[in-house]
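Step one of this worksheet: look at the structure below.
The values are calculated or read from the model by the stated rules, or taken from the named source; none is laboratory data. Just so it is clear, the model here is predicted, and its values are computed rather than measured. Note that we place each Cβ from the backbone using ideal geometry, even for glycine, and neighbour counts take in every protein chain shown. For accessibility, only protein heavy atoms count, side chains too; no ligands or nucleic acids. Shrake-Rupley method; radii C 1.70, N 1.55, O 1.52, S 1.80 Å.
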Amino acid sequence: MTDGTRLDYELAETTLDNGLRVCVQPDPVAPAVAINIWYEVGSYDEDPSRTGFAHLFEHLMFQGSRNVASGEHMALVEANGGSVNATTSTDRTNYFETVPRGALDLALWLEADRMSSLAITEANFAAQREVVKEEKRQRYDNQPYGNLLELLVAQHFPGDHPYGHLPIGSMQHLDDATLDDVQQFFSDWYRPSNARLVLCGPVTPEEAFELADKHLGQVPALDRPTHTASSEPSLPARNITTHGAVPHPLVYLSWPTPPAAHDDHLPLDIALSILADGHTSRLHKSVVRSQRLAQEVHAASLPHLRSTSITTLMARPTEGITTQTTPDALREELHRFAEDGPTGEELARAVAQYERDWLLQLATVEGRADLINDAWLTYNTPTHVNTHAAELAALNEDAIRDAVRHHLVAEPSHLHYLPSEVSS
Amino acid sequence: MTRPTVSHSGAWHFPEPQVSTLAGGMQVWAFDLPGQHIAAMEVILPTSLTAEPREVEGVATVALHCADEGTLSHPDGRISELLELQGAALHGSASQSQTRLGGDAPAHRLPAVMELLAEVILEPGFALGDVEHHVEMQMAAFDSRVASPGWVAKQALRQVLFGDDAREGRPAAGTPQTLGAVTRDDVVAWHASQWVGADATLVVAGDLTGLDMQAALAPLEGWTGTGALPSLASAAGRPAQIVLVDMPDAVQATIHAGCLTVGRRHPDWAALKLAGHAICGAFASRLNLDLRERRGYTYGVGGGFTARRTDGQFFVGGSFRVDVAADALRRLLDGLQLAEPFTAEEVEDAKRYLVGVAPLANETASDIARQASVLAAVGEHSSFVNEHFAALELPTAGQVSAAFRTHVHPDAVSVAISGPALTLAPAMRAAGLDPVIVT
C-alpha cells in the first residue's frame, strides 16, 4: 500500500432478501469493527417548504425503538467501548458506530431495531426539535459568516430546487414539524432497500453476512423509493454584497461544476489544490506574495450527487484593497492556468498530497467504511476505493488544465461579504 | 429477537517505543508499527510561552508558522515544495508549555522527509516578508477569534482562572498590540534561544520496516543547545468568579466553567477521569442527559478532566438557548454538587468506555505519535498510558464520588459566559447567580 496505485482491499458484497445491500471489508488486525449505514435520503429529498427534516429525523433515530429506550443506543455503544454518531448531508443520512468485535452482534441488533420500528413520544420529539435548533444556532447563527453557505447555495439554486436549501433547514420549518411528519418520513425512506451497510474490521464475510441477515434481514422488505428527478439549476452568474457582524471583508467566486461522479471531478480537485492549497500554491504566490492584493486565498467544493456541484475560490483582500479588486487578479491567474496548465512538478506535488490524505482517511476502520459507502453511493460500486488511487496516478497536466478550462474560466458568481461598517 | 450479549476481549496495550539519544542530546522515541504506511513525526520543544517578552507575545507562534516558508538552503517557499513532493504535510502549535512541530508522510519516504524537516528546524530563513505576512495572519486570526462566542468564553475563563498577570491568562498567540510589535529580530532570537536540541524529543511512529533509522536521523544528530526548560510551578489558585462577556448580537449563551485540580500523578487521577466521563464526558453523562436530552436546552454538554504539566483542570461547557441559559447554569452548578453519588453502573460504564475505546483512539501512527508527544512534553514516559489504563480499573463508585467531591468544589468553580448581557444578566441574578459583566 506504499504505492497508492496498488490498493487492494478485499471487498465482499451481498444483497439480503429484503433488499439491504451489504459490503464487508475484512481487516483481521483492526482494533474494532466499523458499522456504517447510509440511508439514501438527505435534504435533497425534502419538501422545500419543510426543510431540515432529514436532519431532524437523524436525531430522532436515537430516541428509541421497539426494544430500545430513548438515548439507549448511544449509551450502550459507549458503555461497550465504542464510538457512535450520525450525519446528514444533501444526499444521504449516515449512521455509524465502531465497536469491539465482541459488540458487533449488539450493534447490528440496535440498527435492526430502529430500522424496523420507531418509538418517538411527543415529549422527546419536542426536546430533540429544540436540540436541533440549538445545533443550528451553535454551528451557523451564532458564528461569524454563519450564513455564508446558505448565501452561496442561493447564488446557484433557486429556493424550490432540491439543492436550494441546506440540510440544517429553517427554524420556522423545524417549528412546524409534527410527529405525523416524522412517521411519514420514516415510512417513506427508512427501509432495507434504501440502505447500504458496510462493515470493516476483524470479521469474515461469512460471519458478517450471517450476522447482518440474523438481525437486519428480519426487517420487512419494501420497494426501493425513488428520488425526484433533478433539473440543472441554470441560474446566471450573479453578484451579491452582504453585510454582517464579521471581522474581515471576504470575496467568494463560485462556479457550477459537474456532479460528484463526473470524470472531471478529480482533476478539478487536483487543480484547486495546485491553485489554492497552502503557501506553495499558484494563487498564493501570485496574488498574496507577489501582488499583495490578498492575505489569503482558499478553494473549496460542495459536491452534489444528482445535479451540479459548487466550486468556490475565497480571498481575503489586503488592507486597503477592496473585494472588487481582488477577483480580477484571481481570474487572470485562472486564465493563465487554463492556457498553460500546471507544471509537471506542481502536478506531482498535488498528487502526493492527495494520496497521503486519501491513505490517512483509509487508515481507520471508521474512515474506510465511510469511504466505501461514499464510493458505493457515488459510483454505484464499493470497489471504487480500490481504483481511485490509480485514477489519481493516471492524471496528466492536460487533464488538469482542461478541467479548469471547462469549468472555472466562465464568469463566476461573486459574493462580497463585508463587515457592517464597510460600504463596498 | 432478544438483545445480544457482549463479549469483552483481552487488554490492549500502548506500544513501547525504542528510545535513543542523538549526539546533540535530543531524545528519540521510535514506534515501529507494521502496516502503518503513513508515518507521523512530532518534535516537542518543552519551551514555555512565559519565555516570550511580554511586549511581543505571539512571537513563538509567528516563529513556528514562518519556519517552513524558506530555509537558508531552500529559500522562498522551496522547502515546502520539496516536502510536498515527498507527500509530507507539516503542522504545529505553540501552546503554553510546549511547542510542537510535526507532520505526516509516507513511511518509506521518512529519510528524505527527515532531512527536510531538519532544515526547517535548524536553518529557517525567516525572510522579512514572511515574518510580516505571518504577523498579519495572526492579527487577522485574533480578530476572527474575538468574533467567535466560543473563543470569547474560553479566553474569559482562562483569564479568571489564571489572571491577567500570568502568561496563561493571556491569549497564547498574542494580541494585535503585541503581534504588531514583533520584528524579524524577535523571531530570530526566539528561534535561537528556544528551539534547542538537547531539550527536545522527536517521536516517530509508522511502519519502519527496512528503514535505516540511524541514517534517517543523521541530519538532526548535531542539533544541540539547552536552556528552554520552563518552570514546573503549578498555577496559583484564584478566587472563583462568574464573568459574563457581553456579546449583544449573540443568539446563544456559551458557557465555560471549570477549576484547576490535581494532575495525572495524583492518586485520585484515575477516579477523576471516570467521574468526568460520568458527569459531563459521555453522551449519556448526567449533565448531557438532563440539559440536552430531557430539556432540549443545548446541542450538547461536554467536558471532563485534562492533565496539564504538573496539575490538572476540570472543565464543563456548552452553548445554550438564551432564555433558558440562567436555568441551565443553575442546573449545571447544582449537578456539580453531586447530591447523588455516582452509582456503580455509572462508574462501570465509564470504565468500559475509557478502557474500551483506547484501541480506537490509538488506531493510526498519528494517534500514537500525538499521545506519546503529549507525555514527552511533560517529561513522562509513554508507559504512563498503560499504567493509567490499569489504574482506571480500580476505583469503586464510592472512591470516584469522593475524589470528585474532594477536587471539585462547586463554590470554587469559575464560570465564563459569552452572550447578550441585556437578557442574560437579569435572568442570572434572578437565579441567584451574580455575574461580573465585561463589555
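In this structure, is A:T378 within 14 Å of chain B (Cβ to nearest Cβ) and open to solvent by 20 Å² or more (accessible area, probe 1.4 Å)? Considered against the rule, which asks whether it is within 14 Å of chain B (Cβ to nearest Cβ) and open to solvent by 20 Å² or more (accessible area, probe 1.4 Å), A:T378 comes out as no. Of all residues in the range A:359-377, those that are farther than 16 Å from A:S83 by Cα have Cβ atoms under 7 Å from Cβ atoms of residues that are in a helix (DSSP H, G or I) and open to solvent by less than 10 Å² (accessible area, probe 1.4 Å), 6 or more apart or on another chain, in A:L359/A:G4; A:L371/A:L362; A:L371/A:V385; A:I372/A:V385; A:A375/A:V385.
Return yes or no: is B:V187 crowded, with 19+ Cβ neighbours inside 10 Å and within 30 Å of B:G296 (Cα to Cα)? Taking the combined requirement at face value, the residue does not satisfy it. Go through the range B:280-301 and report how many residues are within 7 Å of chain A (Cβ to nearest Cβ) and under 16 Å from A:V77 (Cβ atoms). Residues flagged as within 7 Å of chain A (Cβ to nearest Cβ) and under 16 Å from A:V77 (Cβ atoms) within the range B:280-301 amount to 5. Of the residues making up the range B:324-337, at least one is outside any helix (DSSP H, G or I) and over 24 Å from A:T98 (Cβ atoms). Going by what's in this entry, would B:V146 be described as more than 9 Å from chain A (Cβ to nearest Cβ) and within 30 Å of B:P248 (Cα to Cα)? It is false that B:V146 is more than 9 Å from chain A (Cβ to nearest Cβ) and within 30 Å of B:P248 (Cα to Cα). The requirement of being among the hydrophobic types (A, V, I, L, M, F, W, C), in contact (Cβ under 8 Å) with a residue 60 or more places away in the chain and open to solvent by 30 Å² or more (accessible area, probe 1.4 Å) is fulfilled nowhere in the range B:31-44; no residue meets it.
Where strands (runs of 3 or more DSSP E) sit wholly within the range B:1-52, those with at least 3 residues that are within 14 Å of chain A (Cβ to nearest Cβ) and in contact with a helix residue (DSSP H, G or I) (Cβ under 9 Å, 6 or more places away or on another chain) occupy B:38-45. B:H91 - would you say it is within 28 Å of the chain's Cα centre (by Cα), more than 7 Å from chain A (Cβ to nearest Cβ) and open to solvent by 40 Å² or more (accessible area, probe 1.4 Å)? Here the answer is yes, as B:H91 does meet what is asked. Based on this model, can you work out whether A:L60 counts as more than 9 Å from chain B (Cβ to nearest Cβ), under 29 Å from B:Q252 (Cα atoms), of a type in the set (A, V, I, L, M) and open to solvent by 10 Å² or more (accessible area, probe 1.4 Å)? Against the criterion (more than 9 Å from chain B (Cβ to nearest Cβ), under 29 Å from B:Q252 (Cα atoms), of a type in the set (A, V, I, L, M) and open to solvent by 10 Å² or more (accessible area, probe 1.4 Å)), A:L60 does not qualify.
Residues are listed down the side, and each one gets a yes or a no for (1) more than 30 Å from A:V351 (Cα to Cα); (2) polar (S, T, N, Q); (3) surrounded by fewer than 20 Cβ atoms within 10 Å (Cβ to Cβ); (4) without any contact (Cβ under 8 Å) to a residue 60 or more places away in the chain:
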{"residue": "A:T14", "(1), (2), (3), (4)": "yes, yes, yes, no"}
{"residue": "A:N18", "(1), (2), (3), (4)": "yes, yes, yes, no"}
{"residue": "A:C23", "(1), (2), (3), (4)": "no, no, no, no"}
{"residue": "A:Y44", "(1), (2), (3), (4)": "yes, no, no, no"}
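Tallying residues that are open to solvent by 10 Å² or more (accessible area, probe 1.4 Å) and hydrophobic (A, V, I, L, M, F, W, C) within the range A:113-127 yields 5. A count restricted to the range A:128-142 and to residues that are surrounded by fewer than 18 Cβ atoms within 10 Å (Cβ to Cβ) and closer than 10 Å to B:V251 by Cβ stands at 2. Taking the criterion of being more than 8 Å from chain B (Cβ to nearest Cβ), surrounded by fewer than 22 Cβ atoms within 10 Å (Cβ to Cβ) and more than 23 Å from the chain's Cα centre (by Cα), the residues of the range A:69-95 that qualify are A:A69, A:E72. The residue that is nearest to the other protein chains (Cβ to nearest Cβ), among those in the range B:100-128 that are open to solvent by 30 Å² or more (accessible area, probe 1.4 Å) and within 28 Å of A:Q291 (Cβ to Cβ), is B:A127. Evaluate the range A:232-242: report whether one residue or more is more than 14 Å from every other protein chain (Cβ to nearest Cβ), in a loop (DSSP other than H, G, I, E, B) and of a type in the set (A, V, I, L, M). Yes, some residue in the range A:232-242 is more than 14 Å from every other protein chain (Cβ to nearest Cβ), in a loop (DSSP other than H, G, I, E, B) and of a type in the set (A, V, I, L, M).
For the range B:419-431, the condition of being within 30 Å of B:Q18 (Cα to Cα) and at pLDDT 95 or above holds for none of the residues.
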